[in-house]
Each structure stands twice: as C-alpha cells, then as structure tokens.
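What follows is one structure encoded as structure tokens, with my remarks underneath.
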Amino acid sequence: YVDATPVRQHIEALKAAGLGRRRIAARAGVNDKTIIVLLAGRAERQTGPSTKMLATTAAKLLAVPVPEKSEAAIVDAAQARRQLEELIAGAGCSRAAMYRTCGISTATGTSLLTGKSSRISIVTAERIAAQWAQAQLSAAA
C-alpha cells in the first residue's frame, strides 16, 4: 500500500482540467468507485477519504495525463444540438449513422438530442461543428 495523497491531488488536477471521474477511471482502467472512495470515502461504512491504496491502482491513476484545458473544456450543448438535428434532418440517414459520421457515441448523441446533456466536451462540439460546416458547404455548392 502507498500514500493516497499524491493520487488524490492528481485526480483533483484531472478534474480541474475538465475530466470527470468516469472518464478518469476509464483512462486508468479502474472502477469509478475507486475514485469516489479515494475522494469522499465510503458512506455505507462511514469512513473518510482513503489514506492508503494499492500501489498498482495508484500507478494506473497517476499514469493518466492531465490534458490541456482546451482539450477537456466543457461547453454549452445548445449549438451542437441544433447542428446535429440539422445534420440528421438533412442527411436522410439514421441517427446512428450520423453519430458515427460525427465520431460520437450513440449514448452521447442520444443524450445530446434528448436534452439530457446540457453541456458537452469541446471535442464533441468541434466534431459536430466540423460535420455541420461540411454539410453547409456541400449544400451551397
């Protein structure tokens, strides 16, 4: 076991850069509950944040690079939602096909279109905007 403090500080830096706990866990290859316990403890056991953790888990979490803020920035989803709706309406293809064309997951596209997601990553917004701009250019030609 190793001291959890440096790992907790690294997780906070990742979160400050815009990464959520699920994304951090996925990148590290650990369960997201690990991050919850590290940051907040176990409510069911009435314990505080972890003070020690497995060295292998610590190494996995510390290996996740802190992205530039611009990569992980979160933006309002309204414009991307409108653009995605226009793309789907104008393309005459399924939503799933348009999601693939935009390079986004079905879950991301669905939560965006249903309004479940009011904020999205700038990377997702830029992917949708690029496809929308390409469609606008094709329509003008």
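Quick look at the values:
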| quantity | calculated |
| --- | --- |
| Single residue of segment 31-49 satisfying the filter (among the charged types (D, E, K, R), over 15 Å from Gly20 (Cα atoms) and open to solvent by 80 Å² or more (accessible area, probe 1.4 Å)) that is nearest to the chain's Cα centre (by Cα) | Glu44 |
| Glu86 among the acidic types (Asp, Glu) and modelled with pLDDT under 90 | no |
| Residue that is nearest to Asp76 (Cα to Cα), among those in segment 86-109 that are open to solvent by 60 Å² or more (accessible area, probe 1.4 Å) and touching a residue at least 12 places away in the same chain (Cβ under 8 Å) | Glu86 |
| Residue satisfying all of: in segment 12-47; part of a loop (DSSP other than H, G, I, E, B) and touching a residue at least 40 places away in the same chain (Cβ under 8 Å); nearest to Val75 (Cα to Cα) among these | Gly18 |
| Verdict on Lys52 being open to solvent by 40 Å² or more (accessible area, probe 1.4 Å) and at pLDDT 90 or above | yes |
| Residue, nearest to Thr110 (Cα to Cα), within segment 58-75, restricted to residues that are modelled with pLDDT of 90 or more and open to solvent by 30 Å² or more (accessible area, probe 1.4 Å) | Pro65 |
| Filter result (open to solvent by 50 Å² or more (accessible area, probe 1.4 Å), in a loop (DSSP other than H, G, I, E, B) and under 13 Å from Ala77 (Cβ atoms)) within segment 114-141 | Thr114, Lys116, Ser118 |
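The values are calculated or read from the model by the stated rules, or taken from the named source; none is laboratory data. Everything numeric in this text was worked out from a predicted model, so none of it was measured. Ideal geometry is used to build each Cβ from the backbone, glycine not excepted, and the neighbour counts take in all protein chains shown. Accessible surface is based on the protein model in full, side chains and every heavy atom, while ligands, DNA and RNA are left aside. Shrake-Rupley method; radii C 1.70, N 1.55, O 1.52, S 1.80 Å.
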